[in-house]
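The values are calculated or read from the model by the stated rules, or taken from the named source; none is laboratory data. The shown structure was predicted, so the numbers you read here are calculated from the model rather than taken from an experiment. FYI the Cβ positions are ideal-geometry reconstructions off the backbone, even for glycines, and counts take in every protein chain you see. To get the accessible areas, we keep the full protein, side chains included, count just its heavy atoms, and leave off ligands, DNA and RNA. Shrake-Rupley method; radii C 1.70, N 1.55, O 1.52, S 1.80 Å.
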Amino acid sequence: LHCGVETRRSRAMSFNAQPITLTHHILESQSHHPEASGDLSVLLHAIEIASKYISSQVRAAGIFKLYGAEGSVNVQGEVVKKLDVLANDAFITSLTRCKKVCIMASEENEEPIYLDDHSGKYSVVFDPLDGSSNIDANVSIGTIFGIYHRVTPIGEKPTLDDLLQPGHKLVAAGYTLYGTATLLVLSIGQGVHGFTLDPSAGEFVLTHPDIKIPPKAKGQIYSVNEGNTKFWEEPTLRYLHSIKLPESGAPYKARYVGSMVADVHRTLLYGGIFMYPADKTSKDGKLRLMYEVNPLSYIAQQAGGHTTTQHTTTTQHNNNTTTTTTQHTTHTHVKQYQVRVRTVT
């Protein structure tokens, strides 16, 4: 028995003797761009640090009484949880200390966060803890982030124009999923790669290289909150009916966690469609264009899927299925980080 255990252990050690860490991956990607200054690498490392800290706090939440409401309501009208505050502070602190960011916007803050140092080349948008309503139930939650090049001159005070950019101008985007394992999924425009946090080493290790969404035949799953069915508009009802009760072929299977990060992550790995349609009670929908829809749409497209609006569809790759919400693209005010969401028929 002892020999068997040692043999399995030695094989595992041999297999993982030289794992590719997130740091290795970032530096390797940078090496393909001789003109790169390394600023983006430093910024991504700051996100890695914040993600590790949040992961440790999420796992210890029950022990240190971090469950429950903090007592306030955020700009979206949602009850703020203790872990929301902790995650938000962690991201703001880490991004500020890296000195590569000039301005940032968080779902938890009503106003943009302007940094005193105006030398940063990038602006960052993030949802520090998506799915926080599931925190107390120990359901998977996550962080979503998007990175843009600033549009104002370096050295000058940043403006809202640095934040209010269309999703196709994203430099990098990703999310960190805090579930049975902590997984950081990242794209810097060269595909999508997933890194699992190794608690013993304290490093994110490449475990999901070059993620591609499976074709429709293998991923007939739909993910939507059907508790809102009563309030859906007719086009939404018709579309859901068509995939649940198709005239031919197998129906789609329903899977819904209630944390957008978790639902989109499953869709990336298994295929299918994720939606959050507007309805008669929420005409503007509930998803935020800046720090939810844009970053996750970027990830979906890099993984070979596509995203769609009420009127247009982005480039589709490999005939894979849709992976994120339908949406209306209008967005006018920095305080209104929302997007009208409808289902295409």
Worksheet item: Does at least one position in the stretch 181-199 carry a residue that is more than 17 Å from the chain's Cα centre (by Cα), open to solvent by 10 Å² or more (accessible area, probe 1.4 Å), within 21 Å of E107 (Cβ to Cβ) and modelled with pLDDT of 95 or more?
Response: no
Practice prompt. Take the stretch 26-58 and flag every residue that is open to solvent by 30 Å² or more (accessible area, probe 1.4 Å), within 21 Å of Y178 (Cβ to Cβ) and without any contact (Cβ under 8 Å) to a residue 60 or more places away in the chain.
Written response: H45, I49, Y53, S56, Q57
Response to the item:
Selection over the stretch 183-208 where residues are part of a loop (DSSP other than H, G, I, E, B) and either touching a residue at least 60 places away in the same chain (Cβ under 8 Å) or among the polar types (S, T, N, Q) (or both) yields a count of 7
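Answer yes or no as to whether A137 is small (G, A, S) and in contact (Cβ under 8 Å) with a residue 12 or more places away in the chain.
Details: small (G, A, S): yes; in contact (Cβ under 8 Å) with a residue 12 or more places away in the chain: no.
Here the answer is no, as A137 does not meet what is asked.
Within the group L163, L186, which residue is of a type in the set (A, V, I, L, M), at negative phi and out of contact with any His (no Cβ under 8 Å at 6 or more places or on another chain)?
Working: L186 fails: out of contact with any His (no Cβ under 8 Å at 6 or more places or on another chain).
Step by step, each of L163, L186 is checked, and only L163 is of a type in the set (A, V, I, L, M), at negative phi and out of contact with any His (no Cβ under 8 Å at 6 or more places or on another chain).
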Discussion item. Condition first: more than 13 Å from the chain's Cα centre (by Cα), assigned to a loop (DSSP other than H, G, I, E, B) and over 18 Å from A262 (Cβ atoms). Can you find one or more residues in the stretch 210-219 that meet it?
Written reply: yes
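Taking the condition of being part of a loop (DSSP other than H, G, I, E, B) and surrounded by fewer than 21 Cβ atoms within 10 Å (Cβ to Cβ), how many residues in the stretch 253-281 meet it?
Going through the stretch 253-281, the residues part of a loop (DSSP other than H, G, I, E, B) turn out to be 255-259, 271-272, 275-281.
Add one more test, that the residue is surrounded by fewer than 21 Cβ atoms within 10 Å (Cβ to Cβ), and what stays is 255-258, 279-281.
Number of matching residues: 7.
Please find, within the stretch 137-158, the residue that is nearest to D84 (Cα to Cα) out of those that are of a type in the set (G, A, S) and in contact with a strand residue (DSSP E or B) (Cβ under 7 Å, 6 or more places away or on another chain).
Going residue by residue through the stretch 137-158, those that are of a type in the set (G, A, S) are 137, 140, 142, 146, 155.
Pick out the ones that are also in contact with a strand residue (DSSP E or B) (Cβ under 7 Å, 6 or more places away or on another chain) and you get 140, 142, 146.
Numbers: S140: 14, G142: 11, G146: 18 Å.
My answer is G142.
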Practice prompt. Tell me which residues, restricted to the stretch 73-92, are open to solvent by 30 Å² or more (accessible area, probe 1.4 Å) and either at pLDDT below 60 or in a loop (DSSP other than H, G, I, E, B) (or both).
Written response: V73, V75, Q76, G77, E78, V79
